[in-house]
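This report concerns only the one structure given below.
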Amino acid sequence: MPWIKAAKSQDVPVGTGKLVIVDDYLIALFNVDGVFYAIDDACPHQGAPLSDGRVEGCVAICPWHGAEFDVTTGKLLGGPGVRDVQAYAVKTKEDDVLIEVP
Ligand code: FES
């Protein structure tokens with residue numbers, strides 16, 4: 001599975017998320033204390049962009065109705081979400097953030 005450059009690390013400040021499009025996948029990339037995590041951007045409840053929501057520690061909070069997802073695994077933790085989301089492997093190389101897509 002290919003590793004594809006998704007962003008520059010400085011484009012995603014600590015404690016924020018950013019929408020990146022990688023090989024046609026819409027992915028929410030989060031920076032948690034300098035470590036990057038990637039999950040599907042679309043909330044499975046009604047499709048809100050998770051990259052627009054808050055991230056508290058390793059928990060991404062949907063901006064529409066508050067579903068909570070573990071950004072390290074994509075697991076649904078609470079709220080009205082209906083299922084887990086896909087999580088993607090992330091690595092950094094110098095200033096680049098790379099995501100492994102299927
Ligand atoms: S769209 Fe995310 S909780 Fe409703």
> Using a 1.4 Å probe, what is the accessible area per residue for the chain, in Å²?
Replying inline: 52 Å²
>> Cut-off 10 angstrom, C-alpha nodes, Gaussian network model of the chain. Which of Asp40, Asp24, Asp52 fluctuates the most?
In response: Asp24
> What list of ³J(HN,Hα) values in whole Hz, one per residue of the range 45-62 in order, does the Karplus curve 6.51 cos²θ - 1.76 cosθ + 1.60 (θ = phi - 60°) give from phi, with Gly and Pro shown as x?
Replying inline: 6, 9, x, 4, x, 4, 5, 8, x, 7, 10, 10, x, 9, 10, 8, 10, 4
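Counting each pair of different Cα atoms once, what's the Kirkwood radius of the chain in Å, rounded to one decimal? Provide the component values of the computation, followed by the final result.
On the way: mean 1/r = 0.0765 Å⁻¹.
Hydrodynamic radius (Kirkwood, Cα pairs) of the chain is 13.1 Å.
Taking only C-alpha pairs under 8 Å that are 6+ residues apart, what is the relative contact order of the range 3-100 in percent? Mind showing how you got there, number by number?
Values: 248 pairs, mean separation 26.6, N = 98.
Answer for the range 3-100 is 27 percent.
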> Got a number for the accessible area of Arg54? Probe 1.4 Å, square angstrom, nearest 10.
Replying inline: 140 Å²
> What number of lysine-lysine pairs in the range 3-100 show an alpha-carbon separation below 13 angstrom, given a sequence spacing of 8 or more or placement on distinct chains?
Replying inline: 5
>> List the residues, sorted by chain then number, that are 5 or more residues from His45 or on another chain and whose placed amide H is less than 5 Å from its amide H.
In response: Val82
> Between the range 1-19 and the range 42-102, what is the C-alpha centre distance in whole Å?
Replying inline: 13 Å
> In whole Hz, what ³J(HN,Hα) sequence does the range 84-90 give by Karplus (6.51, -1.76, 1.60; θ = phi - 60°), x for Gly and Pro?
Replying inline: 5, 10, 5, 10, 10, 6, 10
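Taking all protein chains in place and a 1.4 Å probe, what share, in percent, of the accessible surface of the range 1-67 do carbon and sulfur account for?
On the way: 1740 of 3380 Å².
Reported share for carbon and sulfur atoms: 51 percent.
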> Top mean-square fluctuation among Gly81, Gly34, Gly17, Gaussian network model of the chain, C-alpha springs under 10 Å?
Replying inline: Gly34
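The values are calculated or read from the model by the stated rules, or taken from the named source; none is laboratory data. Just so it is clear, the model here is predicted, and its values are computed rather than measured. SASA here: full protein model, heavy atoms, side chains in, ligands and nucleic acids out. Shrake-Rupley method; radii C 1.70, N 1.55, O 1.52, S 1.80 Å.
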